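**Student:** Sharing a structure with you now.
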Amino acid sequence: MLDESLAATYITFMTIRPILTVPNPVLKQCSKPVAEVTDETRRLMDDMLETMYLAPGIGLAAVQIGVPLNIIVMDLAKEGDDPKPQYFINPQILEVIEEKRPYEEGCLSVPDVFDEIDRSARVKIRYQDYNGIEVTEWAEGLYAVCIQHEMDHLKGVLFIDYLSRLKRNRAVKKVQKAEKLKEAG
Ligand code: K1U
Ligand code: ZN
């Protein structure tokens, strides 16, 4: 017979999911709201977090692993500090301040491409957390940059969409070339 404490223990296995890269058309899709936060939602967010840590990255939207739902994970902890995972379900931007700040952004769906993007310095957001609890707060600094970048993913917008057509095309070609080289082994 199973030991009671063992039987009561849930062993969860997290799965690393492939991250879609440009020009995959799924990345241009608009994500859909999550109707209810369930264990399945939490399993998806656990997978997203592990996938993000391995990449490595500081944020990931569900659509980047081919699931067009309004879900984002993030961890902005400094290297050497304890992990500080954050989960955003159905995030909304309620207010933005006018002041814009530039930041050199990257994206796991556009690997090895970085460019400076101007975004609002502070944004007020509302979202549901890992347990489905509603949170309203202001984000600033890297938090503001990252949440705006990730929320763009939910609308099918990539940071390279803010660049000139020349830079954007170059970025996509660079990624395609790298993918082909990887496939060729
Ligand atoms: O693809 C993504 O959406 C994730 C992206 C998030 C982001 C980075 C910078 C500005 C805005 C949004 C990344 O995580 S790219 C990788 C990255 O920035 C990083 C990786 C390892 C250590 C530190 C940063
Ligand atoms: Zn991105």
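**Student:** How high is the FRET efficiency between L181 and Q92 when r is their beta carbon distance and R₀ equals 45 Å, given to the nearest 0.05?
**Tutor:** 0.65
**Student:** Taking K180 as the anchor, which lysines have their alpha carbon closer than 27 Å to its alpha carbon, excluding any fewer than eight residues away along the same chain?
**Tutor:** Straight-distance partners of K180: K28, K167.
**Student:** Ignoring everything except DSSP H segments at least 4 long, calculate the 222 nm mean residue ellipticity for the chain; use -39,500 (n - 2.57) per segment, divide by total residues, nearest 500. Can you show the working numbers first?
**Tutor:** On the way: 4 runs with 53 residues, N = 185.
Helix-only estimate at 222 nm: -9000 deg cm²/dmol.
**Student:** Within the set K124/K174; K100/K173; K84/K155; K84/K173; K100/K177; K100/K182, which residue pairs have Cα atoms separated by over 32 Å?
**Tutor:** Numbers: K124/K174 35 Å; K100/K173 29 Å; K84/K155 26 Å; K84/K173 35 Å; K100/K177 34 Å; K100/K182 38 Å.
Among K124/K174; K100/K173; K84/K155; K84/K173; K100/K177; K100/K182, the Cα-Cα distance tops 32 Å for K124/K174; K84/K173; K100/K177; K100/K182.
**Student:** Here is a further query. At 20 °C and 1.002 mPa s, what whole-number value in µm²/s does Stokes-Einstein give for the translational diffusion of segment 39-112, with Rh from the Kirkwood sum over Cα pairs?
**Tutor:** Working: Rh = 13.7 Å.
It diffuses with D of about 156 µm²/s by this estimate.
**Student:** What percent does the relative contact order of the chain come to when contacts are Cα pairs within less than 8 Å and at least six residues apart?
**Tutor:** The value is 21 percent.
**Student:** Between D118 and L54, 0.36 nm times their residue separation minus their Cα-Cα distance comes to what? Before the final figure, lay out the partial values.
**Tutor:** On the way: separation 64, 0.36 × 64 = 23.04 nm, distance 2.75 nm.
So the chain would gain 20.3 nm between D118 and L54.
**Student:** Where Rh is the Kirkwood radius over the Cα pairs of the chain, the temperature 4 °C and the viscosity 1.567 mPa s, what D in µm²/s does Stokes-Einstein return? It would help to have the intermediate numbers written out before the result.
**Tutor:** Numbers: Rh = 17.6 Å.
Rounded to a whole number, D works out at 74 µm²/s.
Rule-based calculations on the coordinates, nothing more; no lab input. As the structure is a computational prediction, the values presented were derived from the model and not from experiment. All Cβ positions, even for glycine, are placed from backbone atoms using ideal geometry, and neighbour counts span all protein chains on display.
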